[in-house]
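> Please find one structure pasted underneath; my questions will follow.
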There are 2 protein chains.
Amino acid sequence: MQGQTGTKVNLDKLDFQIIQEMMGNAEISYADLGKKLFVSGGTIHVRIKKLEEAGIVRGTKLNVDIKQLGYDVIAFIGIFLEKSSLYDTVAKELKKIPEIVRLNYTTGNYSMFAEIICKNIQQLRFVLHDELQKIKGIERTETFISLEESFIRDVRVTKASE
Amino acid sequence: MQGQTGTKVNLDKLDFQIIQEMMGNAEISYADLGKKLFVSGGTIHVRIKKLEEAGIVRGTKLNVDIKQLGYDVIAFIGIFLEKSSLYDTVAKELKKIPEIVRLNYTTGNYSMFAEIICKNIQQLRFVLHDELQKIKGIERTETFISLEESFIRDVRVTKASE
DNA sequence: ATTGAAAGAGTCTCAGT
DNA sequence: ACTGAGACTCTTTCAAT
């Protein structure tokens, strides 16, 4: 099991380097990335194919500045449930609200933790008051509106041995 | 200012459709996306170029299943500061910790809100105890470990008028 | 603004090492 | 496994509408 990192395939340093590089910029050509990592473009291609087949790489996503699209409000919501057994049914209801972009079941103070993206405070208020409060099983919520995003970045990936 | 959505360029329904589609899958060819949206591949190209020049589209990112790379622990950290004026200096220190992938300055209970990705609980414990507690200005922290990610998705983008 | 076609660049396959 | 070259596909440019 040496060198294993929670997956079935064996990944070496080059695989991690490719992932790290392309997490930030997936548009770089295989030839250019190969030059940067001192292998041929063909090798990059083979590695990425392996990573896709293993399900580690799931494709690429457009990186969009949603503020410029009019989405000015990001907030985090701590959710208290009446009973923690209600998790699945409440999660199902929360998924119906498109403004909620992420939901985690967490340890600690709150039962669940959500992230919400809205165009403005009015829309946030509507979701919190008119939609969330109607869901059976939610005892109460605490909202943390983001006044500033200091940074958001990708995790620095390394082999287990490093 | 009609039709404006927080940016300088005017975006129509097609622009939003392109963004929505490619936020989920940036690998689709212009020809195929054009077919889906009933325009030519050339039109898709022109629109994306416009969006890039406006800074709305910032490129593409590889979508990676980090659990398979051995990163099993996601946690959220609510941070209490001794004085809220310490925000900038504390943010600078937090940015030095690569496991912290996101930091927001927030309203409500906490001064700041961080997200952290670690390989295991031991590494999380190390960051929380050995690294965070050493930063001057942090009064205390509350940690919420994610036991399950119910869902994570892109925001549904629409024009202001819709 | 949109289109379609030609030129240029990148991906993918495969035989050789 | 890695490489490099050829086949193929996609992006990019541009003249016409």
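Read-outs throughout are calculated quantities, based only on the coordinates presented, and are distinct from any laboratory measurement. Remember, it's a predicted structure, so these values are computed and weren't measured experimentally. No Cβ is skipped: glycine too gets one built from the backbone with ideal geometry, and neighbour counts run over all protein chains shown.
> Assigning unit charges at the beta carbon (Lys, Arg +1; Asp, Glu -1) and nothing else, what dipole magnitude in debye, to the nearest 20, does the range B:34-148 show about its Cα centre?
640 debye
> Sort shortest first the distances from residue A:156 to its counterpart in every other copy, using label points 7 Å along the Cα-to-beta-carbon line, and give them in nm.
4.0
> For the residues A:125, A:47, what sequence is obtained by ranking on other C-beta atoms within 10 Å, fewest first?
A:125, A:47
> So for each of B:23-30, A:104-111 I average, over its residues, the number of other beta carbons within 10 Å; can you give me the resulting order with the highest mean first?
Answer by packing, highest mean first, reads A:104-111, B:23-30.
> Relative to the other copies, what are the label-point distances for residue B:14, with labels 7 Å from Cα along the C-beta vector, expressed in nm at one decimal and sorted shortest first?
4.3
> Given the rule -39500 (n - 2.57) for each run of at least 4 DSSP H residues, summed and divided by the residues of chain A, what is its mean residue ellipticity at 222 nm, to the nearest 500 deg cm²/dmol?
Working: 5 runs with 48 residues, N = 162.
For chain A, the value works out to -8500 deg cm²/dmol.
> I'd like the mean, over residues of B:92-98, of how many other protein chain beta carbons sit within 10 Å of each residue's own Cβ.
For this peptide, the per-residue mean of nearby foreign Cβ atoms is 2.
> Tell me the angle of helix B:41-53 to the major Cα principal axis of chain B, expressed in degrees between 0 and 90 and rounded to the nearest ten.
40 degrees
> To the nearest whole number, what is the average tally of beta carbon atoms from other chains within 10 Å of the beta carbons of peptide B:133-143? Mind showing how you got there, number by number?
Details: counts 0, 0, 0, 0, 0, 0, 0, 0, 0, 4, 4.
What the average comes to for B:133-143 is 1.
> Sticking with this one: If you count, for every residue in A:9-21, the Cβ atoms of partner chains within 10 Å of its Cβ, what is the mean? Can you show the working numbers first?
On the way: counts 1, 0, 3, 0, 0, 0, 1, 1, 0, 1, 4, 2, 1.
Averaged over the peptide's residues, the number is 1.
> Another question, then. Is there a pair in A:36/A:67; A:67/A:96; A:134/B:8; A:61/A:159; A:61/B:134; A:67/B:96 whose C-alpha atoms are over 30 Å apart, and which pairs would that be?
A:36/A:67; A:134/B:8; A:61/B:134
> Would you mind listing the distances between the residue B:50 label point and the same position in each other copy? Use 7 Å along Cα-to-C-beta, nm, one decimal, shortest first.
Output for residue B:50: 4.4 nm, nearest copy listed first.
> Whose amide H sits under 5 Å from the amide H of residue B:101, counting only residues 5 or more places off or on another chain, with H placed in the peptide plane?
B:115, B:116, B:117
> Sort B:73-82, A:147-156 by the packing proxy (mean of other Cβ within 10 Å over each peptide's residues), most packed first.
B:73-82, A:147-156
> I need the peptides B:136-146, B:93-103 ranked by packing, meaning the mean over residues of other C-beta atoms within 10 angstrom, with the highest value on top.
Ranked by mean Cβ neighbours within 10 Å, highest first: B:93-103, B:136-146.
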